[in-house]
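Trainee: Here's a structure for you.
Readers should treat all values here as calculations from the given coordinates under stated rules, not as data from a laboratory. Predicted model, so just to flag it, every value in this text is computed and none were measured. Cβ sites come from the backbone with ideal geometry, for glycine too, and all protein chains shown count toward neighbours.
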Amino acid sequence: MQLTTLFLTNKTFYLFKKAVIYCTAFFLFVSCKGFAQNLNYRAPFVKDSLSLTGKYAYSLGLYSSAAFASHAYIFISQRDRLSVRESVTYAEFKKAFSQGPKWDNDHWSFNFLVHPVMGYISHTAYRNRGGTFLGAFLCNTACSAYYEFLVGSWTQRPSYNDLIITPIGGAIVGESVWQIRKTLVRDNYLSTFEKVVLTAIDPIEVLNQKFAYRNFIKKQPVMP
């Protein structure tokens with residue numbers, strides 16, 4: 001009885017919710033990583049290393065992982081008030097097309113932190129597969145629209161805020177990361193400090209390369 005009471009305390013349940021979200025996000029990342037490998041992607045930065053469809057699919061996979069994790073957090077936070085049946089409805093989905101997007105009132109951290117990070121993940125994923133800046137921006141815009149209208153719309157109407165902030169914020173942050181990384185590897189050498197910086201600014205690609213930093217030097221970025 002004491003253990004049950006402890007588990008039901010607010011603090012413990014909050015930690016449990018976070019653990020579920022992080023584990024789910026990690027599982028989705030591993031799935032996307034395997035998907036990229038199935039597309040026979042081997043060396044980073046090689047021009048046309050994936051087809052246009054492959055670049056988009058890989059970017060969408062990673063974008064969806066981040067988006068799903070954030071929506072899972074919102075749902076689990078409201079789990080005591082709403083059931084799955086009440087949260088996910090076809091009636092809500094139809095509003096995305098009958099009423100269109102709306103300006104949301106989400107907390108500033110979601111609009112100006114979470115969504116730019118989601119955009120950064122998609123932008124760098126596309127650039128890492130040999131894509132151009134314009135291609136990455138358009139891909140990011142498409143990923144955001146796809147998720148807002150076809151996935152997230154089952155729980156809420158698409159958001160003008162998200163459709164605008166995600167690709168623009170993602171382009172600013174993601175392209176900054178791309179240019180910093182180009183600077184780090186241009187002398188064909190990565191010091192310990194530079195490896196730490198590279199891991200901090202693009203952890204997904206470092207994990208995807210299994211911390212084989214030589215891969216970042218072996219194939220220099222060929223896209224501007």
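Trainee: What length, rounded to one decimal in nm, is gained on full extension from L138 through to V196, with 0.36 nm per residue of separation minus their alpha-carbon distance?
Mentor: The span from L138 to V196 would gain 17.9 nm if fully extended.
Trainee: Which whole-Hz ³J(HN,Hα) couplings does region 143-149 yield from phi under the Karplus relation 6.51 cos²θ - 1.76 cosθ + 1.60, θ = phi - 60°, glycine and proline marked x?
Mentor: 4, 5, 5, 4, 5, 5, 8
Trainee: Further, regarding this structure: Could you give each residue of region 135-141 its phi-based ³J(HN,Hα) in whole Hz, using Karplus coefficients 6.51, -1.76, 1.60 with θ = phi - 60°, and x for Gly or Pro?
Mentor: x, 5, 5, 5, 5, 4, 4
Trainee: Another question about this same structure. Whole-Hz ³J(HN,Hα) for each residue in region 187-194, computed from phi via Karplus 6.51 cos²θ - 1.76 cosθ + 1.60 with θ = phi - 60°, x for glycine and proline: what do you get?
Mentor: Taking θ as phi minus 60°, the curve returns 9, 6, 8, 10, 6, 4, 4, 5 Hz for region 187-194.
Trainee: Taking R0 as 45 Å, what's the FRET efficiency between L207 and K95 from their Cβ-Cβ distance, rounded to 0.05? Don't skip to the end; give the middle numbers.
Mentor: Values: r = 38 Å, r/R0 = 0.84.
Efficiency at R0 = 45 Å is approximately 0.75.
Trainee: Using a cut-off of 15 Å between beta-carbons, work out the net charge of the residues near D106 (Lys and Arg +1, Asp and Glu -1, D106 not included). Spell out each step's value before the answer.
Mentor: Values: positive: K102, R157; negative: D104, E148, D162.
Taking every Cβ under 15 Å from that of D106, the sum is -1.
Trainee: While we're looking at this one, here's another question. Net charge near H115: determine it from the other residues with C-beta under 15 Å of the C-beta of H115, scoring Lys and Arg +1 and Asp and Glu -1.
Mentor: On the way: positive: none; negative: D104, D106, E148, D162.
Local charge sum for H115: -4.
Trainee: Here's something else I'd like to know. Given an 8 Å cut-off on Cα distances and at least 6 residues of separation, report the relative contact order of region 88-156 as a percent. If you can, show how the numbers build up before the last one.
Mentor: Values: 35 pairs, mean separation 39.2, N = 69.
Relative CO of region 88-156 lands at 57 percent.
Trainee: Here's something else I'd like to know. Collect residues whose amide H, placed 1.01 Å from N in the peptide plane, falls under 5 Å from the amide H of S159; neighbours closer than 5 in sequence don't count.
Mentor: Hits under the 5 Å cutoff: K102.
Trainee: Could you tell me which of the pairs K55/K95; K55/K102; K182/K210 are separated by over 26 angstrom between their Cα atoms in the structure shown?
Mentor: K55/K95; K55/K102
Trainee: Using amide H atoms built in the peptide plane, which far-off residues or other-chain residues are under 5 Å from G130 H to H?
Mentor: F45
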